[in-house]
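These notes are about the structure you will find just below.
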Amino acid sequence: MEDTKTKASRILTEWDKIIQNINEKNAKNNDNEEELMLHDEIAEYMGNNLFNSKEKDLVLEICKQGINLLLMNDIKILELCCKNLINDRDIALEAVKTNGSNMELVNDKFKDDKKFVLEAAKVSNVLGYVSDRLKDDEDIVHSSVNVNPRTILFASERFQKDKSLGIKLFTKDKYILNCLHKDLRNDGDFLMNCWIIITAHHFNNYMLLHYHTQSLIDHMGENIKGLFSQVDISLDNQNLNKQMQACFDNFKLNKDLSTELSSSQNKDIKKIKV
């Protein structure tokens, strides 16, 4: 009789064969033919029998041994478990830590359980599936973005607007702007700090400096992008730097004038009231 570890290893080996077979068949398919679905094939291999309550240790062992296979092929182990196992905290947590997309399938009580989510968020991308309350929790959000900066897209508006957090994330991932709130993408001071990060990292590398500069401009908000429409990306690094700085100076000048005008208008309104 097979022990749990041996059985888990055998099942994963069979799943791996199914995956290879599907990949080979899909590669031979014409563009207009429907691709074979991995989950359907695995379900058929299992005889459409879900893992039952007595197989808890087996499922945990499959998660432990098969983390790379399950994650790389986006196999959601909870789809293959009975309801009792899905509602089991140990199974749910191990499944989510193995593949964050399992979070979509867990009981709603786990999606609002800070301890559960915090442990899962340290290793998996789960922020998109948790409760709104936890999407606004500092510990959860910071833990999530440390694993994957782009999960900020699923955080509450408060964190998407956070300048200091935005700068921290941009330092890690220079393609993060689209995941941040539109207010930051229209904030000249914030974008200036992003530009400083780009120059600090890539000033001596022509290709990377120009590539990330163009990317920064492309992902600016519509309220500010126009100020940078005349930037010549083909310039050498030093002149590109001068041109970008001039654009940011122009933004600051316009911002100061707008502030002065607004202040003057407020004074005039107060005079009229008096």
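Nothing in this text is a laboratory measurement; each read-out follows from the coordinates by a stated rule. As the structure is a prediction and not an experimental result, all values here were calculated from the model. Glycine gets a Cβ as well: all are built from the backbone with ideal geometry, and neighbour counts include every protein chain shown.
What full-extension length gain, to one decimal in nm, is calculated for Asp218 and Lys114 as 0.36 nm per residue of separation minus the Cα-Cα distance?
33.7 nm
Percentage of Cα-Cα pair distances in the chain greater than 27 Å, rounded to whole percent?
58
Where the centre of each part is set by its Cα atoms, how far does the range 143-159 sit from the range 66-92, in angstrom?
Between the Cα centres of the range 143-159 and the range 66-92 lies a distance of 24 Å.
Treating the Cα atoms of the range 1-91 as identical point scatterers in vacuum, please give the log10 of the normalised Debye intensity I(q)/I(0) at q = 0.10, 0.14, 0.19 Å⁻¹, two decimals.
Results for the range 1-91 at q = 0.10, 0.14, 0.19 Å⁻¹ read -0.28, -0.53, -0.90.
If neighbour count is taken as other Cβ atoms inside 10 Å, put Arg89, Arg150 in order from fewest to most.
Ranking Arg89, Arg150 by Cβ neighbours within 10 Å, fewest first, gives Arg89, Arg150.
Return the distance in nm (one decimal) between the two label points of a simple spin-label model at Ser164 and Lys225, each offset 7 Å from Cα along Cα→Cβ.
Between Ser164 and Lys225, the label points sit 3.1 nm apart.
If I model a spin label at Asn146 and Lys242 as a point 7 Å from the Cα along the Cα→Cβ vector, what separation in nanometres do I get?
About 4.5 nm, to one decimal.
Can you compute 3J(HN,Hα) from phi for each residue in the range 4-18, using the Karplus curve 6.51 cos²θ - 1.76 cosθ + 1.60 with θ = phi - 60°, rounded to whole Hz and x for Gly and Pro?
Listing the rounded values in order: 4, 4, 5, 5, 4, 4, 5, 4, 5, 5, 5, 5, 4, 5, 4 Hz.
Quick one: length gained pulling Met1 to Asn250 fully straight, 0.36 nm per residue minus the C-alpha distance?
Here the segment from Met1 to Asn250 would lengthen by 82.0 nm.
Normalised by the number of residues in the chain, what is the relative contact order in percent for Cα pairs under 8 Å and 6+ residues apart?
Normalised by residue count, the contact order of the chain is 9 percent.
Can you compute the FRET efficiency between Arg89 and Gln65 using 1/(1 + (r/R0)^6), with r the Cβ-Cβ distance and R0 = 25 Å? Round to the nearest 0.05.
Efficiency, rounded to the nearest 0.05: 0.75.
List, in order, the whole-Hz ³J(HN,Hα) value for each residue of the range 214-221 obtained from phi through the Karplus relation with A = 6.51, B = -1.76, C = 1.60 and θ = phi - 60°; use x for Gly and Pro.
4, 5, 4, 5, 4, 9, 5, x
Amide H of Cys81 versus every other amide H placed in the peptide plane: which residues, excluding those fewer than 5 positions away on the same chain, fall under 5 Å?
Phe51
Using the per-residue mean of other Cβ atoms lying within 10 Å as a proxy for protection, in what order, highest first, do the peptides 93-105, 62-74, 124-136, 41-53 fall?
Ranking the peptides 93-105, 62-74, 124-136, 41-53 by packing returns 93-105, 124-136, 62-74, 41-53.
Stretched out fully, how many nm does the piece from Asn48 to His201 gain, at 0.36 nm a residue minus the Cα gap?
Length gained, Asn48 through His201: 49.8 nm.
Name the lysines eligible as straight-distance cross-link partners of Lys172: C-alpha to C-alpha under 19 Å, and not fewer than 8 places from it in the same chain.
Qualifying lysines at Cα under 19 Å: Lys122, Lys161, Lys163.
Who wins for biggest fluctuation among Leu78, Leu12, Leu180 in a Gaussian network model of the chain, springs between alpha carbons below 10 Å?
Among Leu78, Leu12, Leu180, the largest GNM mean-square fluctuation belongs to Leu12.
Do the sum for the chain: with -39,500 (n - 2.57) for every DSSP H run of n ≥ 4, divided by all residues, what is the mean residue ellipticity at 222 nm, to the nearest 500 deg cm²/dmol?
-19000 deg cm²/dmol
Looking at the P(r) of the range 162-258, how many percent of alpha-carbon pairs lie beyond 22 Å?
Pairs farther apart than 22 Å: 22 percent.
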